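In what follows, a structure is listed as structure tokens, so that the remarks can point back to it.
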Amino acid sequence: MNKKIFLTSIIALGFACPAMAESFPSDGSMLENKTYDGAATYDNTGVYDGDVTAQAYYDWDLLSPTAGQYLPQGATAVATCTTGSFCPGATDIHYDNTQDQGITSCSTVGDNSFTSSDVGASANTDCYKACNIANMGANGSIANIAHAATLTGNDYYGSGADTCEPATCVAGWHVKPGLNLSTTIGNRVGESYGYVDNAGTFTESGGSHGQSFYGISGNNTWATYYDSTSGMVTGAGRCSNVSGTGLWNGASSASDITTHTTAELGAEGGQYCYCNVTGYTPAGGTLQSLSSPWLFSNDAYNAAMCTSNCAYNCAFGMREGGQFRAAMLGSVGTSLASCEANTINITWKGATQAAIDANNAGSTVYEGDIRTPSEAESVTGKHFVGWKFLKPSNNNNGNN
């Protein structure tokens, strides 16, 4: 009987065990749900008996919005910067029910005309206004765009990258679209490719177009044809003794692939294969010369293998979608639209085709040189005095 009572008493004591004793805080700030044992002294309360008041004190919850964010009026959480403003970020700001914090209106920038911005703008250089033809040139706020009649795009404040480009061109010129190979080609797989190895041997895969179709002839050159909509990309391979990091040996994304200039790679030769882009031919168009850095493709294990396979690796890698091709296309960058001179085809009466071809006289471009045939046809009893243009009665300016 006594043993049973003893065990019950131990269990009861376990439930009644008080919390561990807390020492009264040295700064006098008592926290919630605490017991400060023996702390009700004059030094701590300021009284020996009677009434005393414990005042609650609060500190601000501090916030630090990053660039592109701000703290709205009356809010306790940051929000994305709104259009027409920029938010450079802030440190240790807190709730305020009277004003926004960390946000500035674009209307305060420069001459107060850069009033627009996109959501999430983080600097005054993200503020813009519509491009205006009157603002071009040395005395304007945007760079001159030759032969433009009207513009589209945005003029950004300060060092912001303008997107101004021609919407229409003056008479004799037409809009040449800008180039963004990453968008134009996307992830589509190429239909065929051709390459010339370092021994000068041409090989084609996936088609039967022939070498002239690809427009490549130099050693270690390549071309990948996508389709009749997306055109063809051309480039070169280069073997080097400089090693690099690619997708097969440590690069986890396109941005991790090693890039080098020609000077950095040194003289041609070595086991490491690099690729670059040298041109793009749009569907139905002519070759546009491009420039890109050299991107690391692979380790061919020895110089002989690189000589044989580097151009192939470049062409095949560009045929397949993936991070290597994304890096290659991205390395070219993008360009805005421009105005390009209209082509003018000339029919020469009184000249043979051989005489026209001899001086490449069959065509020119607006404001370009006019080349006449090498000689006029002979007419019995007459001597040649010159050609004159028969101007069309319906003049087509061609400014589109």
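The values are calculated or read from the model by the stated rules, or taken from the named source; none is laboratory data. Everything quoted here is computed from the prediction, not taken from an experiment. Here Cβ is always computed from backbone atoms with ideal geometry, including for glycine, and neighbour counts include all displayed protein chains. Note: areas computed on protein heavy atoms with side chains; ligands, DNA, RNA excluded. Shrake-Rupley method; radii C 1.70, N 1.55, O 1.52, S 1.80 Å.
Odds and ends about this structure:
- Failed condition for GLY244, given (1) surrounded by 22 or more Cβ atoms within 10 Å (Cβ to Cβ); (2) under 18 Å from GLU204 (Cβ atoms): (2)
- In segment 36-45, the residues that are in a loop (DSSP other than H, G, I, E, B) and either within 60 Å of the chain's Cα centre (by Cα) or surrounded by 10 or more Cβ atoms within 10 Å (Cβ to Cβ) (or both): ASP37, ALA39, ALA40, THR41
- Filtered by the rule that a residue be part of a loop (DSSP other than H, G, I, E, B) and in contact (Cβ under 8 Å) with a residue 40 or more places away in the chain, segment 76-127 gives CYS81, VAL109, GLY110, PHE114, GLY120, ALA121, SER122, ALA123, CYS127.
- Hits in segment 298-315 (condition: touching a residue at least 60 places away in the same chain (Cβ under 8 Å), open to solvent by 20 Å² or more (accessible area, probe 1.4 Å) and either touching a Lys or Arg at 6+ places or on another chain (Cβ under 9 Å) or within 9 Å of CYS273 (Cβ to Cβ) (or both)): ASN309, ASN313
- Residue list for segment 142-159, filter: surrounded by fewer than 16 Cβ atoms within 10 Å (Cβ to Cβ) and within 17 Å of the chain's Cα centre (by Cα): SER159
- Of all residues in segment 56-65 being in a loop (DSSP other than H, G, I, E, B) and of a type in the set (A, V, I, L, M), the one that is most open to solvent (accessible area, probe 1.4 Å): LEU62
- Residue match in segment 325-340 (condition: polar (S, T, N, Q) and farther than 30 Å from SER230 by Cβ): no
- Elements of type strands (runs of 3 or more DSSP E) contained in segment 216-287, each with 1 or more residues being more than 25 Å from VAL189 (Cα to Cα) and not basic (Lys, Arg): 231-240, 272-281
- The residues on offer are TYR225, TYR193, and the sole one that is of a type in the set (Phe, Trp, Tyr) and open to solvent by 30 Å² or more (accessible area, probe 1.4 Å) is TYR225.
Per-residue answers, yes or no, for (1) of a type in the set (A, V, I, L, M, F, W, C); (2) open to solvent by 40 Å² or more (accessible area, probe 1.4 Å):
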{"residue": "LYS34", "(1), (2)": "no, yes"}
{"residue": "ASP51", "(1), (2)": "no, yes"}
{"residue": "ALA67", "(1), (2)": "yes, yes"}
{"residue": "TYR70", "(1), (2)": "no, no"}
{"residue": "ALA77", "(1), (2)": "yes, yes"}
{"residue": "SER85", "(1), (2)": "no, no"}
{"residue": "ASP92", "(1), (2)": "no, yes"}
{"residue": "CYS131", "(1), (2)": "yes, no"}
{"residue": "GLY140", "(1), (2)": "no, no"}
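- Counting only residues that are in contact (Cβ under 8 Å) with a residue 24 or more places away in the chain, touching a strand residue (DSSP E or B) at 6+ places or on another chain (Cβ under 8 Å) and surrounded by 14 or more Cβ atoms within 10 Å (Cβ to Cβ), segment 361-385 holds 1 of them.
- When each of ASP118, ASP126, ASP162 is tested for being surrounded by 20 or more Cβ atoms within 10 Å (Cβ to Cβ) and within 23 Å of the chain's Cα centre (by Cα), the lone residue that passes is ASP126.
- Some residue of segment 316-337 being part of a helix (DSSP H, G or I), surrounded by fewer than 17 Cβ atoms within 10 Å (Cβ to Cβ) and hydrophobic (A, V, I, L, M, F, W, C): no
- None of THR108, THR115 is in contact with a helix residue (DSSP H, G or I) (Cβ under 6 Å, 6 or more places away or on another chain) and closer than 29 Å to THR163 by Cβ except THR115.
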